[in-house]
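Heads up, the thing below is written out as structure tokens.
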Amino acid sequence: GENVEQHPSTLSVQEGDSAVIKCTYSDSASNYFPWYKQELGKRPQLIIDIRSNVGEKKDQRIAVTLNKTAKHFSLHITETQPEDSAVYFCAASSRPGGGADGLTFGKGTHLIIQP
Amino acid sequence: KAGVTQTPRYLIKTRGQQVTLSCSPISGHRSVSWYQQTPGQGLQFLFEYFSETQRNKGNFPGRFSGRQFSNSRSEMNVSTLELGDSALYLCASSLGSGPLHFGNGTRLTVT
């Protein structure tokens, strides 16, 4: 089955700096890669996703890049703000059509924004 | 539109007992997935139901089971509870090919 590795497990950055979280996956058939943000005591929420026919996707301060050859994808957050502090999970799915069901998640990165 | 609703929010059980958790998906969503969340292990996939059929299953023992009803509501059952089953159990719904929408979870504590 799919295996998703996520690094680092904890990331501390100064407010205003950029943060990068990296994930690798094992199943070359994986075609859908979402990122979820989970604030303390709250549910995970989708913040951005990318499908395998796209190399990069941006949404304001957040971007995701995908390298299918190397089987890795990354989350980039620029101009970090205190509200970015949370646990971030990457995930991968190889369901035909890129469905989100049966996602395999990474173990999460605790992002800490230092004032 | 109402979000994914999970009941109960908290449960305390003793070893050997069984438990049933409930999940009501977003209206119109036919897929329901269940995940176990523990510190250090992240989100681990349990199973997924679509139109009352189990479509996908993770690597959990047979003590973990589920079902889905015709109205897409889903239940998850854990029998013969063990201390290691203590976790946050998250349910997520989707249209089947779109992003997952998570509920707030059920916090299960086994003593």
- Item | Ratio of Rg to Rh over the stretch B:4-62 (Cα coordinates, Kirkwood Rh, two decimals) | 0.98
- Spatially close lysines, pair count over chain A: Cα under 22 Å, gap of eight or more or interchain: 17
- In nm², what is the average projected area of the convex hull enclosing the Cα atoms of the stretch B:65-111? 4.1 nm²
- Contact order relative to length for chain B, counting C-alpha pairs under 8 Å separated by 6 or more residues, stands in percent at 37 percent
- Query: Under unit Cβ charges (Lys, Arg +1; Asp, Glu -1), what dipole magnitude, rounded to 20 debye, does chain B have relative to its Cα centre?
  - Reply: 120 debye
- Query: How big is the protein assembly as shown in terms of Cα radius of gyration and Dmax, in angstroms?
  - Reply: 17.4, 50
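Per residue, how much accessible area does chain A show when a 1.4 Å probe rolls over the protein heavy atoms, in square angstrom?
Accessible surface, normalised per residue, equals 49 Å².
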- Item | Accessible area buried between chains A and B, both sides summed, probe 1.4 Å, in Å² to nearest 100 | 1600 Å²
- Query: Cα convex hull of chain B: mean projected area in nm², to one decimal?
  - Reply: 6.4 nm²
- Message: If the reach is capped at under 16 angstrom between alpha carbons, list the aspartates and glutamates near B:Lys13, excluding any in the same chain fewer than eight residues apart.
- Response: B:Glu82, B:Asp85
- Item | Estimated vicinal HN-Hα couplings, Hz - the stretch B:63-75 in sequence order (Karplus 6.51, -1.76, 1.60; Gly, Pro = x) | 5, 9, 9, x, 7, 10, 9, 5, 8, 6, 4, 10, 10
- Sort A:27-37, B:19-29 for me by packing, meaning the mean count of neighbouring Cβ atoms within 10 Å per residue, highest on top. A:27-37, B:19-29
- Message: Let's see if you can work this out: charge +1 on each Lys and Arg Cβ, -1 on each Asp and Glu Cβ, no other charges. What is the dipole magnitude of the protein assembly as shown about its Cα centre, in debye to the nearest 20?
- Response: 580 debye
- Using a 1.4 Å probe on the protein chains only, how many percent of the accessible area of chain A belongs to carbon and sulfur? 47 percent
- Can you give the accessible area of A:Tyr25, probe radius 1.4 Å, in Å² rounded to 10? 10 Å²
- Note on the structure: The Cα radius of gyration of chain A, divided by 2.2 N^0.38 Å with N its residue count, comes to 1.01
- Task: Give the long-range amide H neighbours of B:Phe47: residues separated by 5 or more places, or on another chain, with amide H under 5 Å away, using H modelled in the peptide plane at 1.01 Å from N.
- Result: B:Trp34, B:Gly58
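The values are calculated or read from the model by the stated rules, or taken from the named source; none is laboratory data. If you're wondering where the values come from, they're calculated on a predicted model, not measured in any experiment. A quick note on method: Cβ atoms are made from the backbone with ideal geometry, for glycine too, and the neighbour counts reach across all protein chains shown. We work out accessible area using only protein heavy atoms, side chains counted, and drop any ligands, DNA or RNA first. Shrake-Rupley method; radii C 1.70, N 1.55, O 1.52, S 1.80 Å.
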